[in-house]
Amino acid sequence: MDMLIGGKHISSDDLEEVKNPYNGEVIDTVPIAHLQTAQLAIDEANKAKKSIQEMSAFKVSNKLFDVLEKLKSNRQALAELLSLEVGKPINESLVELDRSVETLKLAAEEAKRIYGESVPLDAGLNGKGFFAFTQRVPLGVVAAITPFNYPLNLTIHKIAPALACKNTVIIKPPSEAPLTVMKFAELVNEEFPDGVINTLTGYGSEVGDYLVTSPEVNKISFTGSVTTGLMISQKAGMKKVTLELGGNDPLIVLKDADIDKAVKGVINGAFLNAGQVCMGVKRIIVEDEIADDFSQKLVCETEKLVMGNPLDEKTTLGTLISENAAIQVEEAVSNAVTEGAEILTGGARDGAFYEATVIDNVTPDMDLVVRETFGPVAPIIHVNSLDEAIDVANATEYGLQAGVFTNDYSAAMRCAQEIDAGTVFVNKQSTFRTDNMPFGGFKSSGVGKEGIKYSVEEMTKTKLIGLNLR
Ligand code: NAD
């Protein structure tokens with residue numbers, strides 16, 4: 001599939017294969033862009049700025065609603081493509097499509113709500129006689145750089161608010177799974193002027209880096225790993241940067257918790273998308289008194305998951321993004337076992353598949369839970385008190401989201417206040433997200449927030465206009 005730049009389809013002499021992780025078959029090829037092509041995308045996006053900025057908010061909003069209708073009518077086909085390139089079960093891909101529609105709807109609505117405020121300059125020294133107000137104005141060109149695990153919805157979380165506040169966009173999709181995003185960009189291009197949306201495929205370290213360092217790109221909106229995010233923040237210079245990075249989210253189960261509810265939270269939190277979720281449950285911190293009961297129930301529910309062809313509706317656990325990714329998870333689990341942890345169920349790999357694995361007697365210093373393990377693994381850490389649970393939850397460089405299961409409101413409030421993360425849920429696991437909420441982590445999990453209204457704030461700048469009336 002070709003790139004889309006300035007409304008034209010552009011290829012390259014070098015092509016990269018996009019493979020289905022389930023059976024290794026080539027689904028399609030995409031161009032490996034050279035730096036001249038990256039510059040062409042930047043030129044086209046800059047040229048198109050005027051065309052979108054001249055549109056009324058009413059028109060931008062309607063166009064976004066039109067894109068939404070197109071996305072809805074392509075729901076099944078795009079979900080199948082997503083499953084093919086990511087290896088995620090078709091039912092999860094359909095959910096990603098539905099969330100993408102919802103994200104677009106929120107942006108179409110938000111396009112009509114980009115307000116400024118009046119500012120009383122006469123409250124300051126010598127300010128008497130002024131009338132002043134602010135306006136939120138677009139930044140210009142937004143580069144959207146996104147990861148493989150939720151390629152469509154995470155990219156729409158950048159494109160939709162960027163367009164709502166009249167920026168143009170260059171998308172650098174993930175190399176492992178670029179196709180669904182590229183098809184979506186074609187739908188956007190049918191509604192907006194040429195050059196408003198552009199796609200650029202190729203190596204992140206080359207074209208991604210070129211976008212990050214270009215003075216003609218005004219904003220980097222990045223979702224991906226801490227390593228890449230850190231590199232971007234060091235190279236971006238004066239441009240605005242939003243970084244949505246990795247997570248190592250805890251799920252605390254206190255002794256008074258509804259255990260069945262907590263087990264359900266783990267099944268959804270640790271095994272969704274084969275555990276490749278930034279806000280996935282990556283550490284289960286359980287009070288010792290109830291740990292045996294909890295782990296027995298968790299094993300029982302885990303063994304009900306069905307591993308298989310992602311396109312089969314019965315499949316609830318698909319592949320990881322590649323065999324290499326599965327090998328890394330296998331190694332992390334086997335190192336933890338060498339250090340004293342015990343596999344209760346799972347633990348085997350077959351190509352890019354890794355079984356849903358529950359692993360007990362994990363200690364907070366094991367690499368399995370110190371690093372972000374991106375796979376279907378539920379590591380259980382035993383603690384003896386609420387204080388210890390909070391300490392363990394905070395003993396990480398990450399701080400994306402967290403969940404605590406308890407019916408004791410004072411314990412819940414202590415967790416909410418003392419856990420250093422962007423979101424703390426009570427009686428819900430960290431994988432929960434609605435597309436309007438402020439989403440973004442603390443510590444190494446990132447800088448800035450997404451969630452349509454919050455993304456618009458990050459994709460506009462505030463201009464003050466002052467009228468001297470005397
Ligand atoms: P990654 O950092 O390897 O890649 C992300 C994107 O960055 C890709 O498009 C890649 O091509 C590009 N890239 C690579 N090098 C670059 C460079 N030097 N300059 C600019 N761009 C470059 O991440 P991944 O493996 O695709 O995704 C998994 C990671 O993403 C996990 O850590 C996960 O937790 C995180 N993630 C975070 C969120 C969030 O919202 N916080 C959501 C999903 C995934």
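Before moving on, here are some points about what is shown:
- Each Lys and Arg contributes +1 and each Asp and Glu -1, all at the Cβ; summed about the Cα centre of the range 391-442, the dipole is approximately 180 debye.
- Accessible heavy-atom area order of F405, F130, F353, highest first, probe of 1.4 Å: F130, F353, F405
- The range 249-434: antiparallel DSSP beta bridges as a percent of all, rounded to 5: 20
- Too-long pairs where the Cα-Cα distance tops 19 Å, listed order kept, from K166/K239; K219/K453; K166/K453; K50/K219; K72/K183; K70/K112: K70/K112
- Sum of side-chain charges, S93 neighbourhood, beta-carbon under 14 Å (Lys, Arg +1; Asp, Glu -1): -3
- Spatial offset of the range 346-415 relative to the range 27-84 amounts to 38 Å, using the alpha carbon center of each.
- Using C-alpha pairs below 8 Å separated by at least 6 residues, the relative contact order for the range 249-434 is 30 percent.
- When the surface is traced with a 1.4 Å probe over the full set of protein chains, L94 keeps roughly 30 Å² accessible.
- The range 195-276, accessible area per residue, ligands and nucleic acids excluded (1.4 Å, Å²): 35
- Restricting the range 126-166 to trypsin sites (Lys or Arg not before Pro) in coil, as DSSP defines it, with at most 12 other Cβ within 10 Å: K128
- Unit charges on C-beta of K, R, D, E only; dipole of the range 249-434, Debye: 680
- The accessible area of D2, taken with all protein chains in place and a 1.4 Å probe, comes to roughly 60 Å².
- Loop-located GluC sites (Glu not before Pro) in the range 45-96 whose Cβ has at most 15 other Cβ within 10 Å (DSSP): E54
- Across the protein chains, with a 1.4 Å probe defining accessible surface, the residues Y150, Y454 rank Y454, Y150 from largest area downward.
- Its relative contact order, with pairs defined as Cα atoms under 8 Å and 6+ residues apart, puts the range 378-470 at 24 percent.
- Taking all Cα-Cα distances within the range 103-255, those exceeding 28 Å account for 32%.
- Computed on protein heavy atoms with a 1.4 Å probe, the accessible areas place L71, L386 in the order L386, L71, largest first.
- Exposure of H382 as accessible area (Å², to 10), given a probe of 1.4 Å and all protein chains: 50
- Protein accessible area in the range 249-434, 1.4 Å probe - carbon and sulfur %: 46
- Candidate aspartates and glutamates - alpha carbon under 14 Å from K8, same-chain residues fewer than 8 apart omitted: D43, E44, E186, E190, D194
- DSSP finds beta bridges in the chain, and of those with both partners inside it, around 45 percent are antiparallel.
- Accessible area expressed per residue, the range 355-470, with surrounding protein chains retained (probe 1.4 Å, Å²): 43
- The chain: relative contact order as a whole-number percent, Cα under 8 Å and 6+ apart: 19
- Degrees separating the helix 57-73 axis from the principal Cα axis of the chain, which is the longest one: 40
- Size descriptor, Kirkwood hydrodynamic radius, that averages inverse alpha-carbon separations across the range 327-407, Å: 13.5
- Environment charge of K70, counting only residues whose C-beta is closer than 12 Å and scoring Lys/Arg +1, Asp/Glu -1: -1
- Pairwise Lys count, the range 249-434 - Cα closer than 13 Å, eight or more residues apart or different chains: 6
- Against the main long axis of the alpha-carbon atoms of the chain, helix 226-235 sits at an angle near 30°.
- Rg in Å to one decimal, and Dmax rounded to a whole Å, for the chain via C-alpha atoms: 23.3, 79
- Candidate aspartates and glutamates - alpha carbon under 13 Å from K463, same-chain residues fewer than 8 apart omitted: E117
- The calculated 222 nm mean residue ellipticity attributable to helices in the chain amounts to -12000 deg cm²/dmol, summing -39500 (n - 2.57) over DSSP H runs of n ≥ 4 and dividing by all residues.
The values are calculated or read from the model by the stated rules, or taken from the named source; none is laboratory data. These numbers come from a predicted model, not from an experiment. Reconstructed Cβ throughout: ideal geometry from the backbone, glycine too, with neighbour counts over all protein chains shown. Heads up: the accessible areas ignore ligands, DNA and RNA and are worked out on the full protein's heavy atoms, side chains in. Shrake-Rupley method; radii C 1.70, N 1.55, O 1.52, S 1.80 Å.
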